[in-house]
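These notes concern the structure reproduced below.
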Amino acid sequence: MSRGPLDAWYESAGVRGGVRRLLHDESDDGKVFFPERLVPYLAHEAVVALPAGRRRELAVRHLYQFLLSTTHLETRVVNRGAELIANDRCGVPVAARTRLDAFKVYCDEGYHSLYSLDLADQVAATTGIAVPRWDYGGFVTRLADTAARTLPAHPALAPLLQTVVFETLITSVLNEVPADTGVVTTVRDLVRDHAKDEGRHHRFFTAFFHELWHGLDTGARTAVAFALPALLKSCLVWDVEPVRSSLRLAGLDAPAAAAVVDNCYRGETGDERVRAICRAALRMCASAGVFEVPGAVDVFAAHGLLTGGEA
């Protein structure tokens, strides 16, 4: 049997052998808590005009947004799907090895949530910048609404597919922050820890999707193929409420904060960006045979996920 991505989990997983990342404030050395280039609204003219201290607060709260969205996404979306696999409730037969690996993912994601909140708390204690009480309820509700709308006849599949989608998307933060020496070392180390685990999760869920896909009957495959583009795009729509809240805390009034959000996030899910983030997920679909379903290529193309020769 070939080795799986989680076979060495007991030796390599962060929750098994990692250390607690304790914050060392390096801001006096010119290091930042989050790269400005990854905060879309910091370049907006209304934000550029703010005092330097307020801009620093915005960058710190953007770190909080990344950390807290991790805690909510991992526990409320990814672990929901991992539990279905682990407890043999995903609707298709899966191997015992797959179920065991899903429990490993479940443990990992809980640990990621723990250390993300832990770091946010440490940063708040060090900087004096409070962690807002963002609940991400709108984001979770929107995912549920999309799932209900796109797969009404197969409700059990929706949380599984959303989990697979999130775990196979490639975003800039996990790739770029660890390599950025201008970022506080503790933040870089924690993001690197997270990225190592997520690399293994990516391979696990890619393999699981193949297992799931080949366990579906023809009707279910068609439904999934036609639902996947909407599910993919719904996972990439930013929850802008924390951004709007942070801008208000920085001193912008409600109309100005709304205008910044509209300017910076309108079209944020444009086709080129979406295809870049979804590239690995689209390769997974191609290798599993999703695009062989009659009409699937047209649906993906209509959502801006495929160009002429990609399928």
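The values are calculated or read from the model by the stated rules, or taken from the named source; none is laboratory data. This structure is a prediction, so every number in the text was calculated from the model and none was measured. Glycine also receives a Cβ, built like all others from the backbone with ideal geometry; neighbour counts cover every protein chain displayed.
Yes/no per residue for (1) assigned to a helix (DSSP H, G or I); (2) buried (at least 21 other Cβ atoms within 10 Å of the Cβ); (3) not polar (S, T, N, Q):
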{"site": "Arg55", "(1), (2), (3)": "yes, no, yes"}
{"site": "Val60", "(1), (2), (3)": "yes, yes, yes"}
{"site": "Gln65", "(1), (2), (3)": "yes, yes, no"}
{"site": "Thr71", "(1), (2), (3)": "yes, no, no"}
{"site": "Thr75", "(1), (2), (3)": "yes, no, no"}
{"site": "Leu84", "(1), (2), (3)": "yes, no, yes"}
{"site": "Asp101", "(1), (2), (3)": "yes, yes, yes"}
{"site": "Gly110", "(1), (2), (3)": "yes, no, yes"}
{"site": "Asp135", "(1), (2), (3)": "no, no, yes"}
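Pairing each residue of segment 8-30 that is touching a residue at least 12 places away in the same chain (Cβ under 8 Å) and surrounded by fewer than 10 Cβ atoms within 10 Å (Cβ to Cβ) with any residue that is of a type outside the set (Gly, Ala, Ser) and assigned to a loop (DSSP other than H, G, I, E, B), provided the two are 6+ apart or on different chains, yields no C-beta distance under 6 Å.
For a quick check of your reading: which helices (runs of 4 or more DSSP H) sit entirely within segment 163-281 and have at least 2 residues that are crowded, with 19+ Cβ neighbours inside 10 Å and either without any contact (Cβ under 8 Å) to a residue 24 or more places away in the chain or of a type in the set (A, V, I, L, M, F, W, C) (or both)? Break it down stepwise before answering.
Details: elements: 172-176, 185-215, 218-234, 241-249, 254-265.
Hits in segment 163-281: 185-215, 218-234, 241-249, 254-265.
Entry remark, segment 43-70: residues being over 20 Å from Trp134 (Cα atoms) and in contact with a helix residue (DSSP H, G or I) (Cβ under 6 Å, 6 or more places away or on another chain) number 3 in total. Within segment 76-105, residues that are free of Cβ contacts under 8 Å to residues at least 24 places away in the same chain reach partners that are crowded, with 19+ Cβ neighbours inside 10 Å and acidic (Asp, Glu) with beta carbons closer than 9 Å, at six or more positions or on different chains, in the pairs Ala86/Asp101.
Can you pull out the residues in segment 43-96 that are in contact with a Cys (Cβ under 8 Å, 6 or more places away or on another chain) and farther than 30 Å from Ala158 by Cβ? Hit for segment 43-96 is His44, nothing else.
Taken together, Cys235, Cys285, Cys278 contain a single residue that is at pLDDT below 90 and touching a Leu at 6+ places or on another chain (Cβ under 8 Å), which is Cys235. The set of residues in segment 34-43 being buried (at least 18 other Cβ atoms within 10 Å of the Cβ) and more than 13 Å from Val173 (Cβ to Cβ) consists of Tyr41, Leu42.
Just to be sure, is Leu160 of a type outside the set (Ser, Thr, Tyr), more than 20 Å from the chain's Cα centre (by Cα), modelled with pLDDT under 95 and buried (at least 21 other Cβ atoms within 10 Å of the Cβ)? No.
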